[in-house]
Every structure is written in structure tokens, then in C-alpha cells.
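**Q** Before I ask anything, let me first share the structure, which is written out below as C-alpha cells.
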Amino acid sequence: NAGVTQTPKFQVLKTGQSMTLQCAQDMNHNSMYWYRQDPGMGLRLIYYSASEGTTDKGEVPNGYNVSRLNKREFSLRLESAAPSQTSVYFCASSEPLAGGQQQFFGPGTRLTVL
Amino acid sequence: AQRVTQPEKLLSVFKGAPVELKCNYSYSGSPELFWYVQYSRQRLQLLLRHISRESIKGFTADLNKGETSFHLKKPFAQEEDSAMYYCALKSAGGSYIPTFGRGTSLIVHP
């Protein structure tokens, strides 16, 4: 089991460029998430998908779009990158477990927008 | 609205000293609380959750509804405990969409 995988690991973009961050999970989880992690700001939810075919905005959705391609894959797209989107992006998935629920995180994508 | 506050950005202790990472929450219902940890160059992972009432790697956390707190404690810190710690809250029922605090960086000096 690879768990949650993300590509790419690192990316440098120029302002205005677009890109898609890919995320896949092999745990058959229904719920998937995209977060950004910024120093002093913790983890902020960008978008989430409670199940295949559904997506909802999180706390900081502006400038991003998502696609839940199938149960395994959840991609995050930056249509026109801005320096304020320089961050580390984490994908996660979750499923109820006995005694509670937990999220499983990917290794992150470090994005720099110049 | 639910909110999680971790008042310390950085906590620095020496090996063998007790450590307490503070977490306060704001939520009107019955919350589910979690601690997640991110070691250097590793992915974020669940450390413990209040519902399990477990001790993981010597850490414990008790939910105090009166003080709306879920502080993480360890009696004797180890160097390998150095990491970023996030407290998270999920409202009872509904989808699993936790709210994370801003994190506390714990540094344990030798």
C-alpha cells in the first residue's frame, strides 16, 4: 500500500502560469482533501470531496479548482498562479475507523510562484 | 463556528523535561479532538485522538470540556519528539472535516 501519493514533489512557476497537482490514494477511501500549509497559519482546507462526484469549498478556495476524477484521484488546479499561492500543498484521505476517524496525508508538494 | 487555538508557535525544552503543548477549542457541541504530528521530512500523521484515550509514544491528552482544552503532555521529553504538532477538532456527526490549529513546533534539546 502506497497510501496517499502526490506529484510533483516540487514545482516552481512564474506568475500567471497554470498547473495541476495530482493526488491518488489506494486505501479505497471516500473522502479526500486538499490543504495548504503556510508558516504560522497551520493547515488550511482548500477543497474537499466527501465522495466520488462531489466537491466542496473549504476555508481558502479562491484561485483553485479541483476535480474528483474517480474514487482514487483528486486533483488541484491553479489556473493562474500568484505569489500568494507559494506554499506546501497536502492531499489527504479519510474513512471512518472503529473508535473514530483519521486522515492519511500525502508527502506534500512544495510550490513556489515567482 | 469552531476554532482551535494553539497559543505557542514554538516550545523549546531540554531532554528529560516535561512537556505540555496547549490546545484550546471553541465549539458549542460535543467535539472530537485529535493531535497530529509532523516529523522533519515526514508526512503528517495522527498521533492520538481523545476518543481512544490512549497513550502514544508516551504522550497523553485529556479532553477538558470545562476548560475547552485538549493539551498534549509527556512527562519526559526525548530528542526524537522534536516535530510540529497540530491540534484538530471535528464536530460530532457529519462529514469528517477537521479544523486544525496553527501548530506548535516542539524542539527538544540534548
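Each value in this text was obtained by applying a stated rule to the coordinates, not by laboratory testing. Nothing here was measured: the structure is a model prediction, and the numbers come from that model. Heads up, the Cβs are rebuilt from the backbone with ideal geometry, glycines too, and the neighbour counts pull from every protein chain shown.
**Q** For region B:52-96, what is the charge dipole size about the Cα centre, in debye to the nearest 20, if Lys and Arg each add +1 at the Cβ and Asp and Glu each add -1 at the Cβ? Write down the numbers at each step before the final one.
**A** Values: 6 positive and 6 negative charges, 44 e Å.
Rounded to the nearest 20 debye, it is 220 debye.
**Q** What does a probe at residue B:107 reach in region A:37-78, counting residues whose amide N is under 19 Å from the point 7 Å along Cα→Cβ?
**A** A:39-42
**Q** So, one more: Note the direction-averaged projected area, equal to a quarter of the hull surface, for the Cα convex hull of chain B, in nm².
**A** Numbers: hull surface 26.9 nm².
The directionally averaged projection comes out at 6.7 nm².
**Q** Over the whole of B:95-108, what's the average partner chain Cβ count within 10 Å per residue? Rounded to a whole number, please. Could you put the intermediate results ahead of the total?
**A** On the way: counts 8, 12, 10, 8, 5, 9, 2, 7, 6, 1, 1, 0, 0, 0.
Taking the mean over all residues of the peptide, I get 5.
**Q** Which lysines, if any, have their Cα less than 30 Å from the Cα of residue B:9, not counting same-chain residues under 8 positions apart?
**A** Once the sequence-local lysines are set aside, what remains near residue B:9 is A:9, A:57, B:22, B:57, B:65, B:73, B:74, B:90.
**Q** For region B:43-87, taking Cα atoms only, what is the radius of gyration to one decimal and the Dmax to the nearest whole Å?
**A** 11.1, 33
**Q** What is the magnitude of the charge dipole of chain B about its Cα centre, with +1 placed on the Cβ of each Lys and Arg, -1 on the Cβ of each Asp and Glu, and no other charges, expressed in debye to the nearest 20? All intermediate terms of the calculation are to be shown ahead of the outcome.
**A** Values: 14 positive and 9 negative charges, 42 e Å.
In debye, rounded to 20, chain B gives about 200.
**Q** Gaussian network model of chain A, Cα springs within a sub-10 Å range: biggest mean-square fluctuation belongs to which of A:12, A:66, A:88?
**A** Fluctuation is largest for A:12.
**Q** Let me check I've understood the local charge: for residue A:62, count other residues with C-beta under 12 angstrom from its C-beta, Lys and Arg +1, Asp and Glu -1. What total comes out?
**A** Numbers: positive: A:36, A:44, A:57; negative: A:59, A:79.
Its environment carries a net charge of +1.
**Q** Something else now. Residue farthest toward the positive end of the dipole of region A:1-103, with Cβ of Lys/Arg at +1 and Asp/Glu at -1: which of A:76, A:89, A:15?
**A** Highest projection toward the positive end goes to A:15.
**Q** Taking Rh as the Kirkwood radius computed over C-alpha pairs, what is the Stokes-Einstein D of the protein assembly as shown at 4 °C in a medium of viscosity 1.567 mPa s, expressed in µm² per second? Please list the in-between numbers first.
**A** Working: Rh = 18.1 Å.
In µm²/s, the coefficient is 72.
**Q** Name the aspartates and glutamates eligible as straight-distance cross-link partners of residue A:14: C-alpha to C-alpha under 13 Å, and not fewer than 8 places from it in the same chain.
**A** Leaving aside aspartates and glutamates fewer than 8 places away in the same chain, those within reach of residue A:14 are A:79.
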